[in-house]
Amino acid sequence: MLHIVFSHTAEQMLKQAFKEKLTPFVGEIVTYEPQLQLGDLINDEERLRKWAEVYQIRTNDTEIKSVGSSFKQTEATLHQAIQGHDRIVFWIGETAADELAFLRLLDSLGQWSQALMLNRIRGPLLVGELIPENVDQSFLPVPLSKDSYDQYCEKWKEVSKQGDKLRIREDDFVYQFVDYSHYDVQMMLHIPETEPVKMAVVIGEMYGAEPHLPYFFFVWRIYQLAKKGMIEIVGEEKGIRQTYVQQIK
């Protein structure tokens, strides 16, 4: 049995459960974490450039192409692993990251197989947040029918056509496509005009409310607000925990 998860935390959780023999099932575990919540879904290099911008990583075209090639190799390795197993279980939580990665991987396979199974994790917890002792209770895989496979592949094509947007999950495989500034107004509510506040506090509030996005997405948005002249950043040279932000009157 092959278990495909969409985060490294989920991989570690399953590995611990298997190591401690907490489940009646075992198998090989592979991780596929392309982070498709933002960026162009058709052009991998453009999406990688967007992520480099978000994470504030200086890069060049050669490095982007190298990462893109590595990403393609990861998918090719996954395809080989899938072909070598008679049962393939996708562990999918209620997050855009899990669902979009699943859609892309499924579409990239090129054909349906009766070995494919879907294990949905319902509720507020991410797959990686499951307690290893409770994994067995969350293992309820269902076969993926040919009709469902075709529908998911069509959904991937539909989502991909929306362009370079931020994707917010509204329901199972239903997304809102918005500009990257979508959370800026909400973020400004955490930044007072009267006195500076620690940037880490503002980012922590936003990440706590929207954990489906990376922490550094909100760091990036802070700097975008500063570029627009809406806020001032003070003490940046001291590191993020000692940096303050304040609205510009």
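Before moving on, here are some points about what is shown:
- Cross-chain or 6+ apart pairs with Cβ under 6 Å, the range 153-165 first and under 16 Å from residue 37 (Cβ atoms), then assigned to a loop (DSSP other than H, G, I, E, B): 155/173; 160/41; 160/42; 164/40
- Here residue 238 passes the criteria (1) at pLDDT 95 or above; (2) over 21 Å from residue 47 (Cβ atoms) except the one numbered (1).
- Qualifying residue in the range 28-37 (condition: more than 26 Å from residue 175 (Cβ to Cβ), assigned by TED's automatic domain parsing to the domain that holds residue 115, at pLDDT 90 or above and surrounded by 15 or more Cβ atoms within 10 Å (Cβ to Cβ)): yes
- Check on residue 98, among the acidic types (Asp, Glu) and over 22 Å from residue 7 (Cβ atoms): no
- A search for C-beta distances below 8 Å between a residue of the range 61-74 that is in the same structural domain as residue 49 (by TED's automatic domain parsing) and in contact (Cβ under 8 Å) with a residue 60 or more places away in the chain and any residue that is surrounded by 13 or more Cβ atoms within 10 Å (Cβ to Cβ) and part of a helix (DSSP H, G or I), counting only pairs 6+ apart in sequence or on different chains, returns nothing.
- Apart from one condition, residue 110 fits all of (1) without any contact (Cβ under 8 Å) to a residue 40 or more places away in the chain; (2) surrounded by 12 or more Cβ atoms within 10 Å (Cβ to Cβ); the exception is (2).
- Breaking point among (1) surrounded by 17 or more Cβ atoms within 10 Å (Cβ to Cβ); (2) in the same structural domain as residue 116 (by TED's automatic domain parsing), for residue 150: (1)
- Residues that are among the charged types (D, E, K, R), free of Cβ contacts under 8 Å to residues at least 24 places away in the same chain and surrounded by fewer than 15 Cβ atoms within 10 Å (Cβ to Cβ) are absent from the range 135-146 altogether.
- Count of residues meeting criterion [closer than 30 Å to residue 137 by Cβ and under 14 Å from the mean Cα position of the chain (by Cα)] in the range 23-44: 7
- From the list 158, 210, 154, the one residue that fits, being among the charged types (D, E, K, R) and either modelled with pLDDT under 95 or under 15 Å from residue 97 (Cα atoms) (or both), is 210.
- Boolean, residue 209 is closer than 25 Å to residue 8 by Cβ and either in contact with a His (Cβ under 9 Å, 6 or more places away or on another chain) or among the aliphatic types (A, V, I, L, M) (or both): yes
- Spans of helices (runs of 4 or more DSSP H) in the range 50-164 with at least 1 residues under 19 Å from residue 12 (Cβ atoms) and either basic (Lys, Arg) or touching a strand residue (DSSP E or B) at 6+ places or on another chain (Cβ under 9 Å) (or both): 61-83, 96-109
The values are calculated or read from the model by the stated rules, or taken from the named source; none is laboratory data. Fair warning: this is a prediction, and the values are worked out from it, not measured in the lab. When we count neighbours, we look across all protein chains shown, and the Cβ atoms used for this are built from the backbone with ideal geometry, even at glycine.
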